[in-house]
Amino acid sequence: MLNRAKFLFATLSLVLWLDAGTSLAQQPPQQSSKHEQAQQKSQDPWWKHAVIYEIYPRSFQDSNGDGVGDINGITSRLDYIHDLGIDAIWISPMYPSPLIDFGYDISDYTAIDPLYGTLADFDHLVSEAKKRNIRVIMDFVPNHTSDQHPWFKESRSSRSNPKRDWYIWRDGNAMGQPPNNWQSWFGHSAWKLDPATNQYYYHHFYTEQPDLNWRNPQVRKAMYDAMRFWLKRGVAGFRIDAVSRLFEDPNLHDDPILPGKNAYGDPNIAHKYTDNLPEVHEVLREMRKVVNAYPGNPVMISEADEPNIAELAKMYGAKNDEVQLPMDFQIADVNKLSAPDFRRLLNEIDRNAVGGQPHYFFSNHDQPRQWDRYGDGVHNDQIAKLMAALLLATRATPLMYYGEELGMRTTEPARKEDVQDPIGKIGWPEEKGRDGERTPMQWDASTNAGFSASQRPWLPVPPSASIYNVVAESQDPKSILAFYKRLLALRRNEPALRDGRYLPLNQEDTNVLSFLRKEPGRGEAILVVLNMSAEPRTIKFDLSAHGVKGGSANPLLAAPEIGAESTQLNHFSVPAFGVFIGSVD
Ligand code: GLC
């Protein structure tokens, strides 16, 4: 079976072939912890210190028993999110939508789908979140609308409609076929013939997701106004969907065909003329100006699976005037426990030319969950802690996905008829879609894991929920959840771990990834050691080059747990898949 991680990975390697009023309402109230004091003194914007948590709203908490999660459900779980140690939540789309792509097909950018609640519910969520120092980040989908959006309905109504040029319409070729060979990311031709006007429209994703024409200034204005609508309501920024796909070659050059076929049975293709066109950056600079006009340092996070560090770094903008946090898909796509691979990528992004803030994640609503992706089938719980430390102890703004803190696993549908995600229907059985990583949050061991009172939640609750759930793990000090909580608390309270420099160590080591985090001011240093191999390792550290004179490290957090005694740096033992985080001086 070619799973989606592998499929996306394969697709990504093909891409490699290319030439390459927030209102003050969102200002958190004063707090007295060491963390908050440090934040208040710091000149840095909040997002540099934040831990962000993605919520897939259909799957987090159902408050009205219809089997689908909703806004009031999220609000009811804010205490959990706060106690976990989260600073901001990014919520996947909740706009009105026919739900072909479960919300990534939007039919109104300035409203809430009744399935999730009302605008009043949303305002309530933002204000309750604020009371707990949690910011709310909206998902924003600029590349395409739903085919049910009134703009598209107008556009398709006639060739002379004023909104015709809001989308990409073209005649078929001389043989009455689609205008060229461009392919949808979700399989088959990216062109769909619309009989009403006998022209084709372009859709990078599903046929029900026509691409907007970003060369049209009216489109830009309408979309920037939609961003302003949410900024005025107090959102702390946007996660911007599929941003590298905004433009296509106006001359419609065919994309280069590559050897082999993809999971949908189409020829492999390099998206040379439909992805990462330079015009994307002009739009990102304009969007940045839109968000910069609001107080509270709203953030832009971009989704774009950039093929290399040079392309990723471009997302920050040459003058740091584009996206503050471009998601690092290269690190997310390593897909194996490899100290050398992680080290190389961490080093590269840490040293990016414009000094942009790294932004790491391993799981999301499109990626198989990290518990199984990195697990070896035997030590998955220990490896989940290792991955937590890789995410939360490196120098970055980390992005978590709901349930990763529990060790939720990917649970794919067993039968085609159970599949919800259309790409699973198009690509079955090779491509089973993304249902596996979108199953309901596992709150407790009751029916439907406490997610919903419905007889039939929109996706089934995995059997593992009886053990891997919030209530059970809260009672077990050795659980994955307990480890995440301790690590998040450590990160909040140790400025070196949160903001310190990242200094890679023992760079030739093929098994153990280790680094120092060093605070610029007082020079406090924390040693992080991650054994990515299935064998115990004994290694040596010489930290004198980094101004560390002492010969031992005092443990702050380790998994498996160890005692409080300090560990000698010249004879440092770390168990299989072990994590050590300790202070050195
Ligand atoms: C992004 C979203 C994904 C969606 C696609 C099309 O990749 O993360 O879930 O299907 O865009 O909108």
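Data overview
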item: Residue within the range 113-128 that is closer than 27 Å to Glu279 by Cβ and within 16 Å of the ligand (Cβ to nearest atom) present; result: no
item: Answer from Val419, Val471, Val378, Val461 - the residue that is surrounded by 17 or more Cβ atoms within 10 Å (Cβ to Cβ), away from the ligand (no atom under 15 Å from the Cβ) and on the phi < 0 side of the Ramachandran plot; result: Val461
item: Residue in the range 113-123 that is in contact with a strand residue (DSSP E or B) (Cβ under 8 Å, 6 or more places away or on another chain) and modelled with pLDDT of 95 or more present; result: no
item: Any hit, the range 140-150, residues being at pLDDT 95 or above, away from the ligand (no atom under 16 Å from the Cβ) and surrounded by fewer than 21 Cβ atoms within 10 Å (Cβ to Cβ); result: yes
item: Selection within the range 231-265 - among the small types (Gly, Ala, Ser), away from the ligand (no atom under 16 Å from the Cβ) and not in a loop (DSSP other than H, G, I, E, B); result: Gly237, Gly260
item: Residue among Glu311, Glu306 that is modelled with pLDDT under 95 and outside any loop (DSSP other than H, G, I, E, B); result: Glu311
item: Selection within the range 410-459 - among the acidic types (Asp, Glu) and either in contact with a Cys (Cβ under 8 Å, 6 or more places away or on another chain) or at pLDDT below 95 (or both); result: Glu430, Glu431
item: Residue within the range 157-180 that is outside any loop (DSSP other than H, G, I, E, B), out of contact with any strand residue (DSSP E or B) (no Cβ under 9 Å at 6 or more places or on another chain) and either of a type in the set (Gly, Ala, Ser) or surrounded by fewer than 17 Cβ atoms within 10 Å (Cβ to Cβ) (or both) present; result: yes
item: Which listed residue is within 12 Å of Phe580 (Cβ to Cβ) and not in a loop (DSSP other than H, G, I, E, B), from Leu490, Leu503, Leu513, Leu497; result: Leu513
item: Residue, modelled with the lowest pLDDT, within the range 543-568, restricted to residues that are among the aliphatic types (A, V, I, L, M) and surrounded by fewer than 15 Cβ atoms within 10 Å (Cβ to Cβ); result: Ala564
item: Residue in the range 273-291 that is touching a Pro at 6+ places or on another chain (Cβ under 8 Å), outside any helix (DSSP H, G or I) and over 27 Å from Ser92 (Cβ atoms) present; result: no
item: One residue from Gly356, Gly375 being modelled with pLDDT of 95 or more, over 25 Å from Arg434 (Cα atoms) and among the small types (Gly, Ala, Ser); result: Gly356
item: Residues that are farther than 19 Å from Ala388 by Cα and either modelled with pLDDT under 95 or in contact with a Ser or Thr (Cβ under 9 Å, 6 or more places away or on another chain) (or both), drawn from the range 529-542; result: Pro536, Arg537, Thr538, Ile539, Phe541
item: Subset of the range 376-402 [in contact with an Asp or Glu (Cβ under 9 Å, 6 or more places away or on another chain) and outside any helix (DSSP H, G or I)]; result: Thr394, Arg395, Ala396, Leu399, Met400, Tyr401, Tyr402
item: Test: residue in the range 22-42 that is in a loop (DSSP other than H, G, I, E, B), modelled with pLDDT of 95 or more, more than 16 Å from the ligand (Cβ to nearest atom) and buried (at least 22 other Cβ atoms within 10 Å of the Cβ); result: no
item: Where a residue in the range 198-220 is under 15 Å from Pro162 (Cα atoms) and its partner, wherever it lies, is crowded, with 22+ Cβ neighbours inside 10 Å and hydroxyl-bearing (Ser, Thr, Tyr), with Cβ under 8 Å and at least six apart; result: Leu212/Thr145; Leu212/Tyr167; Asn213/Tyr167
item: Test: Gly187 is modelled with pLDDT under 95 and either part of a loop (DSSP other than H, G, I, E, B) or under 28 Å from the mean Cα position of the chain (by Cα) (or both); result: yes
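The values are calculated or read from the model by the stated rules, or taken from the named source; none is laboratory data. These numbers come from a predicted model, not from an experiment. A quick note on method: Cβ atoms are made from the backbone with ideal geometry, for glycine too, and the neighbour counts reach across all protein chains shown.
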